[in-house]
Every structure is written in C-alpha cells, then in structure tokens.
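Chemist: Got a structure for you, questions after.
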Amino acid sequence: MDQPDHPAPAARPTPAAAGAARRPQPMGIDLPLGRDAAAVRRRIEAMEHVLERSFVIPGINRPVGLDAIVGLIPVAGDIITMAMGAYIVWEARNLDMPKWKLWRMAGNVAFDSVVGAVPVVGDAFDFLFRSNTRNLGIVRRHLDRHHPETRIIEQ
C-alpha cells in the first residue's frame, strides 16, 4: 500500500505573499526595461515627470521638478539636469527617430542648460522653460504617428 492515509494539504500562499498581491507598488517600480516603443515611451514620460512636474508649489499651484530645484545648485546642478535631459534624448534614439528630431531635442536641452547656468536669471528661466516637456511632446508626436499602438488616452 503505497498511498498515504491522508491527502497532502493544498499549497496555501503565505500571509506575506497574499498581502503582497494587494499592496500597491511604489511609483516607478513598474517601469519596463525593453526597447519596444511602449516601454521607451513610459520611461521618457516618467523622467519628464520627475524633471518637470514632481512637486507643486503651494499658493501658486505651479508644478516644478528636479530641473528647477537642482538647477539652483551652481554648476553641478546644471550639469546633473543636463545629463538627465540628455537621457531623454538617448532614449528617443532607441526609437529610431530621425536625426533632425534628435538634434532638435538636444538643442532644447543645450539651450536650457546654457541659459540655466546664468546666476539668478537662469534659475527663473528653469522655472519657466521646460525643455524636457518640449522633448516629450516631440517623442509623443513621433510615436503617435509611427507607433499608434503606444498611444495613451489621457483624461
């Protein structure tokens, strides 16, 4: 008699595993790593959000991001935000966008960096000129035309 007297209990999820399924994930965890157009679009949108719209200034309800905040640090802040803006251009290159669009995006980042490096005036300029939002618009128009399956309906 090879059969046991009692059936084996069914595998039950552990309390930690059961709670993990219901627990909301922190923002940014679910960013895809692929090179497909939808994955690149989500990464670019996330970076633009961090750089341009992470926080809202109370009283005036104006969204600002790391571009304006880190740009307040002389020299190093401008270099850091330029590198983060260049990341968006690099991701756009993964979409096989035309070179003229990439150059236009790089020009937006360079213009923002050069003018943003001017003391006081550059900080006000960073608050008003959003090169990363402009670059996101270029990417979205390209994707809506050449990869319509990545289009997201915004509410």
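The values are calculated or read from the model by the stated rules, or taken from the named source; none is laboratory data. All values reported here derive from a predicted model rather than from experimental measurement. Quick reminder, even Gly has a Cβ in these numbers, built from the backbone with ideal geometry, and neighbours come from all protein chains shown. SASA here: full protein model, heavy atoms, side chains in, ligands and nucleic acids out. Shrake-Rupley method; radii C 1.70, N 1.55, O 1.52, S 1.80 Å.
Chemist: When only DSSP loop residues count, what trypsin sites (Lys or Arg not before Pro) in segment 35-82 have their Cβ near at most 11 other Cβ atoms within 10 Å?
Modeler: Filter output for segment 35-82: ARG35.
Chemist: Per residue, how much accessible area does segment 45-155 have with a 1.4 Å probe, in Å²?
Modeler: Result: 59 Å² per residue.
Chemist: Each label point is 7 Å from the Cα along the Cα-to-Cβ direction; what then is the distance between the points at ARG35 and LYS99, in nm?
Modeler: In this crude spin-label approximation the distance works out to 2.0 nm.
Chemist: Between ARG62 and residues 5 or more places away or on another chain, which pairs have amide H atoms under 5 Å apart, with H built 1.01 Å from N, and which residues are they?
Modeler: ILE57
Chemist: Would you tally the net charge around ALA68, using a Cβ to Cβ cut-off of less than 12 Å, leaving ALA68 out, and scoring K and R as +1, D and E as -1?
Modeler: -3
Chemist: In segment 81-155, what trypsin sites (Lys or Arg not before Pro) fall in a loop by DSSP, with at most 13 other Cβ atoms inside 10 Å?
Modeler: ARG151
Chemist: Residues of segment 108-127 with backbone nitrogen within less than 18 Å of a virtual label 7 Å along the Cα-to-Cβ line of PHE55, please, listed as ranges.
Modeler: 120, 123-127, by backbone N distance to the label point.
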